[in-house]
Structures are given as C-alpha cells and as structure tokens.
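Please read the structure below before turning to the comments.
Each value in this text was obtained by applying a stated rule to the coordinates, not by laboratory testing. Here the structure is a predicted model, which means the values were calculated and not measured. Heads up, the Cβs are rebuilt from the backbone with ideal geometry, glycines too, and the neighbour counts pull from every protein chain shown.
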Amino acid sequence: MYCTVSFPNVQIVHPQRISCRYENTILAAHSNRKRRPPKNHRYPRHAKQPPEFGVNLFLKKPIPALEPTQEEEEEEEEETTDVVWESDEIEAISSLFQGRIPQKPGSLDRKRALPLPLPYKLRPLGLPTPKRLVKLTAPDVVSSRASFAKKVYKSPTFLVGLAREISRLNPDEDASIVLAKWVQFLRKGSLSLTIRELGHMGCPERALQTLCWAQDQPHLFPDDWILASTVEVLARNHDLKFPFNIQKLTSLANRGVLEAMIKGFIKGGNLRLAWRVLVVAKRDKRLLDPSIYAKVILELGKNPDRHIHVLPLLDELGERDELNLSQQDCTAIMNVCTKMGKFEVVESLFNWLKQSGSQPSVVMFTSVIHSRYTEKKYREALALVWEMEESNCLFDLPAYRVVIKLFVALNDLSRATRYFSKLKEAGFSPTYGIYKDLLEIYMASGRIAKCKEICKEAEIAGFRLDKHLESYYSINRRQ
C-alpha cells in the first residue's frame, strides 16, 4: 500500500545542478583569496642596489614601460619602503669621484666673521707664573723639563763633565759651587759616576766634598751607591781613615760598602787590609759577591808565600749553591790554581762553565790547555785544541804559544811548524819563547839547517838564540 506525502514550500532540485553550484562556489572562493608571491620574491637575498654613480639617469631617454603584471606590482609595493635617492644626493656623491663638489649659486666673495675675543688673551700681562702653578698652566713645559731631567741625570757625558768642572776649581773653592747649579737635574745614584771619575783624576778630596754636599740634599741622600763609590775612591788613594774596631764597621756597613772597600784596598795595593776586611766579613757570616773572592785570589796568587790563604777562599766558593762568576773571574782563578797545582779546581770550573750554557772564550781555552800541559796530560790538551778548531775560535798570541809548546812536547814537528806559519799569517810576531821551542824541536829532529834559519830569523826580530845552538853542538861533540 502506498502513501503520498507532500511538503509545502519545498522545491526539489536536480542532483546535477547541485554539483555545478558547488564547483562554482569553490572557484569564487579561490578567486577572492589573495595570491601569495614566490619565496624568492618575498625574501630577497640581496638588498636593492643604488644606481651607478657617474651615470646621469635624467638624461636617459625613458623606456616605454610595459604593462606591469601582478607579481611586478607586488615588487614595486615592496620597493616603496626602500630609500629613494634624490638628484642632489646622487650628484654630490658622484662628484666625490670626479672632482670638487658643485657649489650652490650665490656670492663667492663672502667674508668670514671674526672670532669672538677670548678672555684669557685680552687679560693684561702680569707677574711670572709661580713654580707651583707651572704644572697646572703649562703641562707641555713641565713634560719637556721632566724628559730633559731624565736624560741628564744618568747621562755619562753630563756626569763626567761635572767631574771635570769640579776638578778645575781653585783649591780654596768647594765642590758645592758647581753642584748647586745642577741640583734640580740630579737624582739618587747620579753622583756615583762623578765621584768615581774624580777618583780617576786623582782628586779624592773633591769626591769627599761631593759626598758631604749630597748628604745635605734630601732627594739625593741616603744613597748606598754614592757612599760605596766614595769609600772605594778613598781606599784606593790611601785616604780612608781605617778604624781600630773593624768588626763594628763590618756589622754596620752594608754589603755594597764592604765590597767597595775591598775593591779600593786591592786597587790601592793594600792587600793586607783587604784580606782583613774579608776575614771579618766571613766571621760575621756576611755573604759577599764571588767576584770579590776572585779578585782577592788573583792578588794572593801573585805571591807564592800567600798561596796558603787561597785555599780557604777556594773552599768557601766551592760550598756555595749559586756561583755567579764571569769568564774573566774564572780564568783568573784557573791561572792561580795552575800555579798551585790545583788542577782539579781548573777542570771543575771549566765543566761548570760549559754546563751553565756559556761558550768558553779563547782565554779560557788557553788556560785549560796550559793547565793540562802543566799536568802532562798532553792527549787531553790536544783534544781541547781540536774542540777550539771545531768551534771556530780565533787564536790569539798566547793561544798559539801554548799550542806550539804542546806540539813540541808531543814531538809533532809538522803540526808545530804549521801553527807557527798560521801565527805569522795572522799578523802576530813570534816571541822569544816560541823561537826557543821551535829551535828545540828542530834540534831534536836533527835538522841543523832549519836551526840556523830559526836563529837568523830570531836575530832579525831582536832575539839571540846562539847560546842554545852552541849548547846543542857541545852536547853532540861529547856524545
């Protein structure tokens, strides 16, 4: 059984029409939506470059513009946010690369207004500026004076000239007359060189006057350098009044003054007082510089009767942890030890110097070779000669003398004559001892003609070797 139902106000639409309407709605929605630009246009890699300078864009013929597309319109909208160069700016920038900037039209003969008067220039001249206000008002002047003072107070030329000016004073005039003129340029330690120079000039009393004047200057004294220099000058010239209680002096004086006193006594030839001060300082456990011991050892080594005093000084140097000795001091100790027969001290000093990283000089090589020659260690001495040759050490006259003596002891005639020829090629004049050594090795080898040649050459140089040749003839006749 069928039943019919009717709906009022309801219009039935065909399904095909519904689908067409749905497609039209979607197309309308897509057309109303704004189209997004491509990524390379939305985020450009480089900013827009300004136009090329030097090209006048306004004289160019305009290019007929094409109809802009939608994408070009969007790019133009983005470019509106960038900086727009005006014609004046472009012309000014381009002129920087072409020449001067074009001036705006106007009068070129404009007169510049005078500057306003400055009050400090209109102020009337008054009294000179006080010294205490110089730094505030004229710092350039102060800096120039300060730099000049720094150059002067340690200049050897100025300080030696000051000593010469003091030495030219009349005997009744005091050194303060000259020193007072330069007091503003002196600093602590300046006058030590002046005092030493006065000592070299033989004016110890002027050196003492300089010290007395410096004691009254607050910015120059107390100064250990001035005091030590004065003590050394007075001790060298035998003008130092030595006190009876020497132990009290060593306990009060500092290290620099004690060392200066010992140096002065040594240079003045008063070795007894120098030894006395050194012994008292050692008793009070005052540690002095090793160079002082080297100087005392050198002076004591000149007298064989005083060699006994050298041994305790050598022992004291050997007990030190740090031995700060120069090559000159080491060579002086080596020569004394060679005379005393202390060859082990020579070798230990030589090894210590090489381990410290210093390159031995020709004087030290010569001292060690002479020590090994004296000890009759000829092969060890010969090895040291080859070490000198490998190090390209230039030989001096004492070195040639010791090496030729070594080859004579080894009875090596060829090397002895070779080094004798090197000696003359180097420009040295052979000594009497070298001629005597060569004559001895020629006589030992029986070369009589060479012996006569050496005697004749020595006679031209001012030496006579006829006695040695006659003694050789007499020995051969007896045999």
* Asked: Which whole-percent values make up P(r) of segment 309-466 when all C-alpha to C-alpha distances are grouped in 5 Å steps starting at zero?
  -> 1, 8, 17, 19, 17, 13, 11, 6, 5, 2, 1, 0
* Multiply the residue separation of LYS241 and GLU205 by 0.36 nm, subtract the distance between their alpha-carbon atoms, and state the gained length in nm to one decimal. => 11.7 nm
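Would you please give the FRET efficiency between ILE448 and SER291, computed as 1/(1 + (r/R0)^6) with r the Cβ-Cβ distance and R0 = 60 Å, to the nearest 0.05?
Values: r = 52 Å, r/R0 = 0.87.
Plugging the Cβ-Cβ distance into 1/(1 + (r/R0)^6) gives 0.70.
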* Debye, to nearest 20: dipole size of segment 209-283, +1 on Lys, Arg Cβ, -1 on Asp, Glu Cβ -> 540
* Quick one: length gained pulling ILE93 to SER251 fully straight, 0.36 nm per residue minus the C-alpha distance? -> 48.5 nm
* Structure fact -> Beyond 28 Å (Cα-Cα) in this structure, taken from LYS302/LYS450; LYS376/LYS422; LYS188/LYS267; LYS422/LYS450; LYS154/LYS241, we find LYS302/LYS450; LYS154/LYS241
* **Cβ crowding within 10 Å averaged over residues, with 169-179, 227-237 ranked highest first** => 227-237, 169-179
* To do: Quote the charge dipole size of segment 299-361 about the Cα centre in Debye, to the nearest 20; the model charges only the Cβ of Lys and Arg (+1) and of Asp and Glu (-1).
  => 300
* Asked: What are the ³J(HN,Hα) values, in whole Hz, obtained from phi via the Karplus relation 6.51 cos²θ - 1.76 cosθ + 1.60 with θ = phi - 60°, for each residue of segment 323-331 in sequence order, with x given for Gly and Pro?
  -> 10, 9, 10, 7, 5, 5, 5, 4, 5
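For the ranges 385-395, 452-462, 210-220, what's the packing order if you count other beta-carbon atoms within 10 Å of each residue, average per peptide, and put the highest first?
Ranking the peptides 385-395, 452-462, 210-220 by packing returns 210-220, 452-462, 385-395.
Would you please give the FRET efficiency between GLU390 and LYS302, computed as 1/(1 + (r/R0)^6) with r the Cβ-Cβ distance and R0 = 45 Å, to the nearest 0.05?
0.85
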* Electrostatic dipole magnitude of segment 244-341 [Cβ: Lys, Arg +1; Asp, Glu -1; Cα centre; debye, to 20] -> 460
* **FRET E, pair LYS376, ARG320, Förster distance 41 Å, beta-carbon r, rounded to 0.05** => 0.85
* Ordered by residue, what ³J(HN,Hα) values in Hz, to whole numbers, does segment 187-193 give under the Karplus form 6.51 cos²θ - 1.76 cosθ + 1.60, where θ = phi - 60° and Gly and Pro are x? -> 9, 5, x, 5, 7, 5, 5
* From the phi of every residue in segment 460-466, what ³J(HN,Hα) in whole Hz does the Karplus formula 6.51 cos²θ - 1.76 cosθ + 1.60 yield, where θ is phi - 60° and glycine or proline is x? -> 5, 6, x, 10, 10, 10, 5
* Ranked by how many other beta carbons lie within 10 Å on average, peptides 367-379, 302-314 from highest -> 367-379, 302-314
